[in-house]
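Student: Structure incoming, see below.
What follows is calculated from the coordinates using simple rules that are stated; it is not laboratory data. Quantities reported herein were computed from a predicted structural model and do not represent experimental measurements. Cβ sites come from the backbone with ideal geometry, for glycine too, and all protein chains shown count toward neighbours.
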Amino acid sequence: MKILFIASEVAPFAKTGGLADVAGSLPVALKRLGHDVRIILPMYKTVGEGTFPIHKGRKSVEVRLGETLHKGFLRQTTYADMPVYLLENRHFFQRDHLYGSPEGDYPDNHQRFAFFCRGVLNLLKRMDFRPDLLHCHDWQTALVPVLLRYEYRQDPFFMNMATLFTIHNLAYQGLFPKTALAEMGLDWSYFTIDRLEFYNQVNLMKGGIMAADLVTTVSPSYCKEILSADQGCGLEGVLAERGDDLFGVLNGLDTDEWDPATDRQLFKTYTSATLAGKVVNKKGLQKRLGLDVAPDIPLVGMVTRLASQKGIDLLAEILPRLAGEKVQFVLLGAGDETYHRLFEDFTAHGFGNISLNIGYDSVCARQIYAGSDIFLMPSQYEPCGLGQLIALRYGAVPVVRKTGGLADTVFDGRDGAREPNGFTFDDFTADALWEAVQRALQSYRTRDVWKKLVRRGMNRDYSWQQSAGDYERLYRAALTRKRI
Ligand code: ADP
Ligand code: GLC
């Protein structure tokens, strides 16, 4: 099959979160199954041209948005032996961030991604690659299935092309006032209840869900949760309408990219058989962050976007308690300005066992996964979560709230169904989180029980193997279920 991945972030080119990990690693797994897979993303300023030789193509494309005609250029590079295309437009993508600064989103995001979606479709005819299936991700690419269904499929070139739309996070919907429609180059025929209209606004995520041939989300539990009013973010009715075409497929990891046995950013590589190497990483991390170098103090880590989704408010509540315990706590995170300020204020109190680091730093992130004994993810909701998978693979035992993909991957053994690999809690409260942290700390003190838990986590298979097969089957189904 010929498959084109269309995404707004793809590791290692541009990343703010797990979507990039998925869009950079699932294609590699599909390629191993024998498919011709390629990727396209916007050519952001932050895409490291130094690291990847990116060829300037001759191919260009024009997209009209309202009054203005915008020109895009196709650039190309290779990753994992796979062609990666980048759509360049300096006005839209030559900016410091992908979607906005910590103060807020860029006000023209609807135009930036409308340009990207139509640009990609227009380019397809000019490329020497005619995909059977377009795999789109989140609201930024949701217009692709919409435009394909209502405009492009009238052209024989596109007639047999199928779409699969993956929801990575239902809370980010691409919601805009109806004036955005014209600015995106769309006429009023798109402002209907079965297309983009949503309570008198434009909702791009809704459009993608309604128009795609098949819809997936990134874990089985989240797939069920989003059908409820509680977690459906207002789209539960729309999702129910697509119920027969909606599937939950658990994300995998690129297990070559995330491997403590070969990770060159670590202070020392290690495996589940050579756990002493993990202690070297703990000491290295303690030193790097100015904490006491003490191998026996439990080190609790967190690497996260600073958004309310991630349970940062619960964390803020338990920070003073952590400050009074015989533990060390390390956080690396970037996101909402209010959390940046909150943590800066807390740091000003100078608790010697707490290190709160604001910023995005992929090397430090790896050192935290490797150096931590315990990894926290107290998420309010979590479509899948890759943090806990990386933590498990690096031997940091996860403490997570039992929701979405966290509930599908972390088990505390209390229900007897699965062997334990971490600690879970149910209620979204600071006390429930604190109680789970206490359970983990208690267990940490029983050394051989703990080592067993660490090893069990490290030895499980987190690869894409199973899920890539699931996607392959869904792609075939999408090809036979095209919506017209
Ligand atoms: P989400 O996509 O919702 O942010 P995931 O757990 O799926 O959550 O993925 C987060 C990914 O982003 C992981 O690879 C994690 O290591 C990385 N990450 C998050 N915050 C940072 C940060 N501040 N610095 C470096 N990497 C980060
Ligand atoms: C989103 C979700 C996260 C998921 C990631 C990749 O960012 O918040 O849970 O792991 O997408 O699918």
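Student: Can you work out the FRET efficiency for the pair GLN465 and THR179, with r the C-beta to C-beta distance and R0 = 56 Å, to the nearest 0.05?
Tutor: Computed FRET efficiency for GLN465 and THR179 comes out at 0.75.
Student: So what's the convex hull volume per residue for the Cα atoms of the chain, in Å³?
Tutor: 142
Student: At 37 °C and a viscosity of 0.692 mPa s, what translational diffusion coefficient does Stokes-Einstein give for region 59-108, taking Rh as the Kirkwood radius over Cα pairs? Give it in µm²/s as a whole number.
Tutor: 253
Student: Over what distance in Å are the Cα centres of region 178-248 and region 373-447 separated?
Tutor: Taking the Cα centre of each part, region 178-248 and region 373-447 sit 31 Å apart.
Student: Mind listing the phi-derived Karplus ³J(HN,Hα) values for region 178-191, rounded to whole Hz, using 6.51, -1.76 and 1.60 with θ = phi - 60°, and x for any glycine or proline?
Tutor: Rounded to whole hertz, the list is 5, 5, 5, 3, 5, 5, 8, x, 10, 8, 5, 4, 7, 8.
Student: For region 366-416, what relative contact order do you get, as a whole percent, if you take Cα pairs closer than 8 Å and at least 6 residues apart?
Tutor: In percent, rounded to a whole number, it is 39.
Student: Using the 10 angstrom Cβ neighbour count as an exposure proxy, how do HIS35, HIS55 rank, fewest first? Write down the numbers at each step before the final one.
Tutor: Working: HIS35 19, HIS55 12.
Placing the least packed residue first, the sequence is HIS55, HIS35.
Student: For ASP426 and PHE157, compute 0.36 nm times the residue count separating them, minus their Cα-Cα distance, and round to one decimal in nm.
Tutor: Numbers: separation 269, 0.36 × 269 = 96.84 nm, distance 5.04 nm.
Here the segment from ASP426 to PHE157 would lengthen by 91.8 nm.
Student: Note the full-extension length gain between LYS326 and ASP105 as 0.36 nm times their separation in residues minus their Cα-Cα distance, in nm to one decimal.
Tutor: Length difference between fully extended and current span is 75.6 nm.
Student: What's the magnitude of the charge dipole for the chain around its Cα centre, counting Lys and Arg as +1 and Asp and Glu as -1 at the beta-carbon? Answer in Debye, nearest 20.
Tutor: So the magnitude is around 1460 debye.
Student: Just name one of HIS135, ALA316, PRO383: the one whose Cα is farthest towards the positive end of the charge dipole of the chain (beta-carbon charges, Lys/Arg +1, Asp/Glu -1).
Tutor: Of the candidates, HIS135 comes out farthest on the positive side.
Student: Sticking with this one: If you bin every alpha carbon distance in region 276-459 into 10 Å steps from zero, what whole percent lands in each bin?
Tutor: 10, 41, 39, 9, 0
Student: Quick one: which residues, 5 or more positions from GLY185 or on another chain, have an amide H under 5 Å from its amide H? H modelled 1.01 Å from N in the peptide plane, none for Pro or chain starts.
Tutor: Correct list: GLY66.
Student: Karplus couplings for region 462-471 from phi (6.51 cos²θ - 1.76 cosθ + 1.60, θ = phi - 60°), rounded to Hz, Gly and Pro as x?
Tutor: Ordered by residue, 3J(HN,Hα) equals 10, 6, 7, 3, 5, 5, 4, x, 4, 4 Hz.
Student: Separate question: Excluding residues on the same chain fewer than 8 positions from LYS15, give the lysines whose Cα lies under 19 Å from its Cα.
Tutor: Straight-line reach from LYS15, under 19 Å: LYS45, LYS310.
Student: Among TYR106, TYR339, which comes first, then next, by fewest other beta-carbon atoms within 10 Å?
Tutor: Fewest-to-most ranking of TYR106, TYR339: TYR106, TYR339.
Student: So, one more: What is the Cα convex hull volume of region 1-54 when expressed per residue in Å³?
Tutor: Hull volume over Cα atoms, normalised by residue count, gives 80 Å³.
Student: What is the set of long-range amide H partners of LEU332 at a cut-off below 5 Å, with H atoms built 1.01 Å from backbone N?
Tutor: Here MET302, VAL303, THR304, ASN357 satisfy the definition.
Student: What size of dipole, in debye to the nearest 20, comes out for region 276-459 about its Cα centre when the only charges are +1 on Lys and Arg C-beta atoms and -1 on Asp and Glu C-beta atoms? The partial results should precede the final answer.
Tutor: Values: 23 positive and 21 negative charges, 198 e Å.
Rounded to the nearest 20 debye, it is 940 debye.
Student: Further question: Spelling out what I want: for every residue of region 426-432, take phi, set θ = phi - 60°, compute 6.51 cos²θ - 1.76 cosθ + 1.60 (Karplus), and round to whole Hz; glycine and proline get x.
Tutor: 9, 6, 7, 9, 4, 5, 5
Student: Give me ARG264, ARG153, ARG118 sorted ascending by neighbouring Cβ count inside 10 Å, so fewest comes first.
Tutor: In order of increasing Cβ crowding within 10 Å: ARG264, ARG153, ARG118.
Student: Taking 0.36 nm per intervening residue step and subtracting the Cα-Cα distance, what contour gain separates THR271 from ARG414 on full extension?
Tutor: 48.7 nm
Student: Which of the aspartates and glutamates could be linked to LYS451 by a straight reach, that is with a Cα gap under 19 Å, when you skip same-chain ones fewer than 8 residues away?
Tutor: Cross-link targets: ASP259, ASP296, ASP373, ASP412, GLU419, ASP461.
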